[in-house]
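Notes for the one structure printed next.
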There are 2 protein chains.
Amino acid sequence: MTLNAPNTGKANMTAESIASALSLAIHEHRLAPGTKLGEDDLSDIYGVSRTTVRTALLSLSHQQIIEIKRNRGAFVAQPSLIEAHEVFEARELLEPRTARSAALHATPDDVALLKDHITQEHAALDAGDRGRALYLSGKFHLEIARIAKQQTVADMINVLIARSSLIIALYWRRESALCESQAHHALIKAIGENDGTRSEELMQSHLVDLHSALNLHELPPVEQNLRAMLLGDAQR
Amino acid sequence: MTLNAPNTGKANMTAESIASALSLAIHEHRLAPGTKLGEDDLSDIYGVSRTTVRTALLSLSHQQIIEIKRNRGAFVAQPSLIEAHEVFEARELLEPRTARSAALHATPDDVALLKDHITQEHAALDAGDRGRALYLSGKFHLEIARIAKQQTVADMINVLIARSSLIIALYWRRESALCESQAHHALIKAIGENDGTRSEELMQSHLVDLHSALNLHELPPVEQNLRAMLLGDAQR
DNA sequence: GCACACAATATTGTATACAATCATGTTGTA
DNA sequence: TACAACATGATTGTATACAATATTGTGTGC
């Protein structure tokens, strides 16, 4: 298993850093939806007591990144198709107008930071690290909320982005990983020109685009997947 | 201190029920912003170990209802003025369009439920229980999100409502507690007529109205309050 | 008498121990 | 052989014990 976060196993592992490490691993699709997160395993891996692990898991469950089933343990969340739609609908409520606000607030430094983000994302893609590219792509959206100076909305978007990553793991249809790069470039341009209206429009259409790239008819939860795996695709 | 939730001190107190009890107490302004929530006190009150209390507190801190300061304990949150504006801005992003959606989904039963909510709220006001009336008023907004069948957005609104209650405790200006009753009645009417556009407009103006009822120049955090309490209002 | 340092106390943070629950493997019986 | 009841092991839930940190009280030196 690949849980090698930056400081795995080292000392000074707080509940927060463990939560971050797990969150990153899930973001980057190193941990698949449905994966069991045993407390003993994690306490061994990170060298802390189960108490600390449980705090971290509780934190992640509040972000709906993992699901804690009573007396059965923690599992990487498997958003249903309904939840998937809800998440993208929520993003469509929050992000377009946040992008407008960001465009009005953005300084040249902000724009440079966004460009740097895209550069890193491309570098990750070139290195074949799709997971990291996806993570950085999410951070791009979060950065826009930060520029808009709206921490409360940024926090909500952050959670929605994490859940989006799980949704993409389960329901993504398109093959090309580059498909959104154009949208992000156009957004940067509009934000750099302090064009609020255009930024809002671009964000809106970008999100609709992402939303429409979901495979709406796939049956995701493990049980159904098990069916498919055992009976072959014909039964789906 | 008045922490007498429905089943205070009784058996079968889970972390969740403790969190609910505390959340309700904060909602109803029985616990003021800044109040220290000592772990030993709570474990005595509810008859559980500190472990259970801590999970409850952690849950509330994730909703930003309380603030946990490392090595110093948990306190009822004291949103800053900036946060106050952010919370209402976020609500203005989410709730109007959710109200529209609710209007399109609403069944007669839903409308009856909303009316019942208002009746209860009036009853609480007549009984002089302003705290409970405020709580019910918040639940009214949450109910609309539920009718819209958007759990993800409903969860976010739920958190924002709780924080709004704290904000009202700190920054509320108006005297009349009835001021929003009209707005809620109008909303029910529009939703009952399945008039999405009007519902959205009404919710928007209702939120703007609430937002504008905040005292923008009040200095809230305890430190300043302490100054005021010790030096008198002249120093503010 | 005042400020600073130090000690005592109280409270939180973390680890460990025990209890409860669930999953699984075994055995007995029809 | 098939099924059910039971026993075993593993894993989570809760409580307690210990360590670390912050707060408060006291004393000493100037």
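The values are calculated or read from the model by the stated rules, or taken from the named source; none is laboratory data. Since the model is a prediction, treat every value here as computed from it, not as a measurement. All Cβ positions, glycine included, derive from the backbone under ideal geometry; neighbour counts span all protein chains shown. Just so you know, the surface numbers come from the protein's heavy atoms only, side chains and all, with ligands and any DNA or RNA stripped out. Shrake-Rupley method; radii C 1.70, N 1.55, O 1.52, S 1.80 Å.
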With -39,500 (n - 2.57) per DSSP H segment of 4 or more residues and division by the full residue count of chain A, the 222 nm estimate, nearest 500 deg cm²/dmol, is -22000 deg cm²/dmol
Regression test value, accessible area per residue of chain B, probe 1.4 Å, units Å², expected 49 Å²
Long-range share for the range A:95-138, i.e. C-alpha pairs more than 15 Å apart as a percent of all pairs, stands at 52 percent
For B:GLN120, inter-copy label-point distances (7 Å, Cα→Cβ), nm, shortest first, read 4.7
Note on the range B:91-107: residues buried by at least 20 Å² of accessible area once partner chains are added (vs chain on its own, 1.4 Å probe) come out as B:LEU93, B:LEU94, B:ARG97
The protein assembly as shown: spread of alpha-carbon positions along the three principal axes, whole Å, largest first, is 64, 52, 51
Asked for the total accessible area buried by A and B (1.4 Å probe, Å², nearest 100), one would answer 1800 Å²
With the label set 7 Å along Cα→Cβ, B:ILE82 is separated from its counterparts in the other copies, in nm and shortest first, by 3.9
With a 29 Å threshold on alpha-carbon distance, the violating pairs from B:LYS149/B:LYS189; A:LYS36/A:LYS139; B:LYS69/B:LYS149; A:LYS36/B:LYS69; A:LYS149/A:LYS189 are B:LYS69/B:LYS149; A:LYS36/B:LYS69
Diffusion coefficient in µm²/s returned for chain A by Stokes-Einstein, Kirkwood Rh over C-alpha pairs, 37 °C and 0.692 mPa s, is 174 µm²/s
Distance in nm between B:ALA213 and A:HIS217 label points, each 7 Å along Cα→Cβ, equals 5.1 nm
In the protein assembly as shown the accessible area split gives carbon plus sulfur, as whole percent at 1.4 Å, a share of 50 percent
Taking the label point 7 Å from Cα along the Cα-Cβ vector, the copy-to-copy distances for B:GLU16, listed from shortest in nm with one decimal, are 2.8
Contact order relative to length for the range B:81-212, counting C-alpha pairs under 8 Å separated by 6 or more residues, stands in percent at 45 percent
Taking Cα atoms, the helix B:196-212 axis meets the longest principal axis of chain B at an angle in degrees (rounded to 10) of 40 degrees
Restricting to aspartates and glutamates and to Cα separations under 13 Å from B:LYS115, and discarding same-chain partners fewer than 8 apart, the set is B:GLU143
The chain B residue whose Cβ lies closest to the rotation axis carrying chain B onto chain A, with that distance rounded to whole Å, is B:HIS62, 2
re the range B:15-76: pairs of Cα atoms spaced beyond 16 Å account for a percent value of 35 percent
Rg/Rh over Cα atoms for the range B:122-184, Kirkwood Rh, comes to 0.99
The helix A:81-105 Cα axis meets the longest alpha-carbon principal axis of chain A at an angle in degrees, between 0 and 90 and rounded to 10, of 40 degrees
Counting only residues 5 or more apart in sequence or on a different chain, those whose built amide H sits under 5 Å from that of A:ILE66 are A:SER61, A:ALA77
Per the Cα gyration tensor, the range A:81-212 corresponds to an equivalent ellipsoid with semi-axes, largest first in Å, of 21, 18, 13
Kirkwood Rh for the range B:1-120 from C-alpha pairs, in Å, is 16.5 Å
Here the residues of the range B:51-79 whose accessible area is at least 30 Å² smaller with all protein chains than in the chain alone (probe 1.4 Å) are B:LEU58, B:HIS62
